[in-house]
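Peer 1: Structure in C-alpha cells, see below.
Rule-based calculations on the coordinates, nothing more; no lab input. Quick caveat, the model's predicted, so the values are computed rather than measured. All Cβ positions, even for glycine, are placed from backbone atoms using ideal geometry, and neighbour counts span all protein chains on display.
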Amino acid sequence: MTNASAPQAQVIVEREDGVLRLTMDNLTKKNAITCEMYLQMKEALDAAATDHSIRAVLLRGTGGVFSSGNDVNGFNAPKGELPAPVQFVRSLVKFPKPIVAQVEGLAVGIGVTMLLHCDIIYAADDTKFRMPFVNLGVVPEAGSSYLLPRLMGAAKAAELVLLGRLFSAAEAEALGMVSNSMPQAEVAAAAEKAVAALVKQPLGAMMKSRALLRDVSGEALDERIELEFKQFFEGLKGPEFAEAARAFMEKREPDFSNIPVA
Ligand SMILES: CC(C)(COP(=O)(O)OP(=O)(O)OC[C@H]1O[C@@H](n2cnc3c(N)ncnc32)[C@H](O)[C@@H]1OP(=O)(O)O)[C@@H](O)C(=O)NCCC(=O)NCCSC(=O)/C=C1/CC=CC=CO1
C-alpha cells in the first residue's frame, strides 16, 4: 500500500549547461536509495556517458543530507532480475566523465562507497560518514574492499569496515576520501563552482586524464565488485542480516552472540 501523504522517493535528474545534476530525494528516510532511484541514476549516467553535451555530473541529496545508503526495507531484488544496486554500480564504475559529489549531513553505506567512484568530493564539515556493512551482517560493496585499503592502508580500512564506526568529514579528508571539507553553508557553492569550471575544460583531455588518474586495474576491480555482490546477497539470506534488520525495525541494538557461523 502506498502512503499518499509521503513524498515519492526519486532522483531529480536535471541537465543544464553541460552538467547532469542527480539529486537523491527521499528525505523522510534521510535520502535512502530505493531500487527505482538506483535505476534512475543508472539510466541518467548511461545516457550522459555518450551524450557529449554533458561534460560533468553533480551528485547530491536534498535537504542537507547526502544519503543514508540502501533503503533498509528494500534489500531484496525481484527474482531473476539483476539487482538495481548492481546495475547502478556497474554504470557508475565505467562512467567516463568527472563526477563532483556534494556531501552533507549523512553518508552511509553505499552513500559512502559510491564516493570512491567520484572525482571531486566536497563535504560539509559536520557530515557523519559510516560503512555499517559488517554491522548489518553483510560485506562491503561497490569495489570498496579493493579500493579502501589502497587508498588509506589496510589497517585504517579494516578499522572503518570491521567496526563500522562513524567518522567525520575531517577524517574522511585526511584519509583521501574527500577532496575538501568545509562549512556546510559553503558546500553547494563550491560544488557548483567545480562543475562550472569542469564544463569549460576540453572534454577529450579531461576524460583521458580522468581515466589515467583512476587507473585501478579495471579487471581486478570488476572481479572484486562481482565477488562482493555475490557475498553481499548471500549475506542478505543469512541469520546475521535477519537479526540486524529486525533490530533496525525494532529500534534496538542487534544481538549476534548466539548466531552460528555458516
Ligand atoms: C544514521 C541514520 C542514517 C540516521 O539516523 P538519525 O539522524 O537518528 O535519523 P533516524 O531517526 O534514524 O531516521 C529518520 C527516518 O529515516 C529512516 N531511515 C534512515 N535510514 C534509512 C534507510 N537506509 N532505509 C530506510 N529507512 C531509513 C528511519 O527508519 C527513520 O524512519 P522513522 O522516522 O519512520 O522511524 C540511521 O537512520 C541509520 O543508521 N539508518 C540505516 C542506515 C543503513 O543501514 N543503511 C544501509 C547501508 S548498506 C548499503 O547502503 C548498501 C547496499 C548496497 C548493495 C546492495 C544492496 C543493499 O545495500
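Peer 1: Restricting attention to the range 23-112, which trypsin sites (Lys or Arg not before Pro) occupy a DSSP loop and are surrounded by at most 16 other Cβ atoms within 10 Å?
Peer 2: Taking the range 23-112 and a limit of 16 other Cβ atoms within 10 Å, the loop trypsin sites (Lys or Arg not before Pro) found are Lys79.
Peer 1: Where in the range 165-247 are there trypsin sites (Lys or Arg not before Pro) that are in a DSSP coil and have at most 12 other Cβ atoms within 10 angstrom of their Cβ?
Peer 2: Here the trypsin sites (Lys or Arg not before Pro) that fit, given the DSSP loop and packing criteria, are Lys200, Lys237.
Peer 1: Contour minus end-to-end for Asp222 and Ser168, with contour as 0.36 nm per residue of separation and end-to-end as the Cα-Cα distance?
Peer 2: Extra length available between Asp222 and Ser168 comes to 16.6 nm.
Peer 1: Something else about it: Can you tell me the Rg and Dmax of the range 158-208, counting just the alpha carbons, in angstroms?
Peer 2: Both quantities, over Cα of the range 158-208: 15.3, 43 Å.
Peer 1: How many angstrom separate the Cα center of the range 15-30 from the Cα center of the range 120-147?
Peer 2: Cα centres, the range 15-30 to the range 120-147: 20 Å.
Peer 1: Sticking with this one: Check the straight Cα-Cα distances from Lys30 and name the aspartates and glutamates below 14 Å, setting aside those fewer than 8 residues away within the same chain.
Peer 2: Candidates past the 8-residue exclusion: Asp71, Glu104.
Peer 1: With a ≥ b ≥ c the root eigenvalues of the C-alpha gyration tensor of the range 32-99, is it rounded (a/c under 1.5), prolate (a/b larger than b/c) or oblate?
Peer 2: Oblate, because a/c is 1.5 or more while a/b does not exceed b/c.
Peer 1: Rg and Dmax of the range 1-134 over Cα atoms: what are they, in angstrom?
Peer 2: 14.3, 42
Peer 1: Let me ask something else about it. With a/c under 1.5 counting as rounded, go ahead and sort the range 86-166 into rounded, prolate or oblate using the C-alpha gyration tensor (a ≥ b ≥ c being the square roots of the eigenvalues; past the cut-off, prolate if a/b is larger than b/c, else oblate).
Peer 2: In terms of gyration-tensor shape, oblate.
Peer 1: Could you grab the relative contact order for the range 77-209? Cα pairs under 8 Å, six or more apart, rounded to a whole percent.
Peer 2: Once divided by the residue count of the range 77-209, the mean separation gives 28 percent.
Peer 1: For the chain, state what percent of all Cα-Cα pairs lands in each successive 10 Å bin, counting from 0 Å until the bin that includes the largest distance.
Peer 2: Pairs per bin, as whole percents: 7, 30, 39, 20, 4, 0.
Peer 1: Explain nothing, just compute: Karplus ³J(HN,Hα) = 6.51 cos²θ - 1.76 cosθ + 1.60, θ = phi - 60°, for every residue of the range 51-63 in order, whole Hz, x for Gly and Pro.
Peer 2: Rounded to whole hertz, the list is 8, 7, 6, 9, 10, 7, 10, 10, 10, 7, x, 7, x.
Peer 1: Something else now. Could you put Ser168, Ser53 in order, starting from the residue whose Cβ has the fewest other Cβ atoms within 10 Å?
Peer 2: Lowest count first: Ser53, Ser168.
Peer 1: Got a sec? How would Ser257, Ser68, Ser145, Ser209 order by Cβ neighbour count within 10 Å, fewest to most?
Peer 2: Ser257, Ser209, Ser145, Ser68
Peer 1: Quick one: net charge around Gly109, please, counting Lys, Arg +1 and Asp, Glu -1 for every other residue with C-beta under 14 Å from its C-beta.
Peer 2: Computed value for this residue: +2.
Peer 1: If you add up the charges near Thr50, with Lys and Arg at +1 and Asp and Glu at -1, over every other residue whose beta carbon is less than 15 angstrom from its beta carbon, what do you get?
Peer 2: Neighbourhood net charge equals +2.
Peer 1: Just want to confirm a number: the relative contact order over the range 10-73, from Cα pairs under 8 angstrom separated by 6+ residues, in percent.
Peer 2: About 44 percent, as a whole number.
Peer 1: For Thr34, Thr28, Thr50, which order do you get if you count the other beta carbons within 10 Å of each Cβ and list the fewest first?
Peer 2: Least crowded to most crowded, the residues run Thr50, Thr28, Thr34.
Peer 1: Then there's this: Where nothing but the Cβ of Lys and Arg (+1) and of Asp and Glu (-1) is charged, how large is the charge dipole of the range 142-262 around its Cα centre, in debye to the nearest 20?
Peer 2: 400 debye
Peer 1: Ignoring the sites themselves, what is the longest stretch of the chain with no GluC sites (Glu not before Pro) in a DSSP loop and at most 16 other beta-carbon atoms within 10 Å?
Peer 2: In short, 82-249.
Peer 1: When the label point is put 7 Å from the Cα of Ala185 along its Cα-to-beta-carbon vector, which residues of the range 121-158 have a backbone N closer than 18 Å?
Peer 2: 123-127
Peer 1: Charges at C-beta only: +1 for Lys and Arg, -1 for Asp and Glu. How large is the resulting dipole of the chain about its Cα centre, in Debye rounded to 20?
Peer 2: Charge dipole of the chain: 240 debye, to the nearest 20.
Peer 1: Determine the relative contact order of the chain: mean sequence separation of Cα pairs under 8 Å and six or more apart, normalised by residue count, in whole percent.
Peer 2: That works out to 17 percent.
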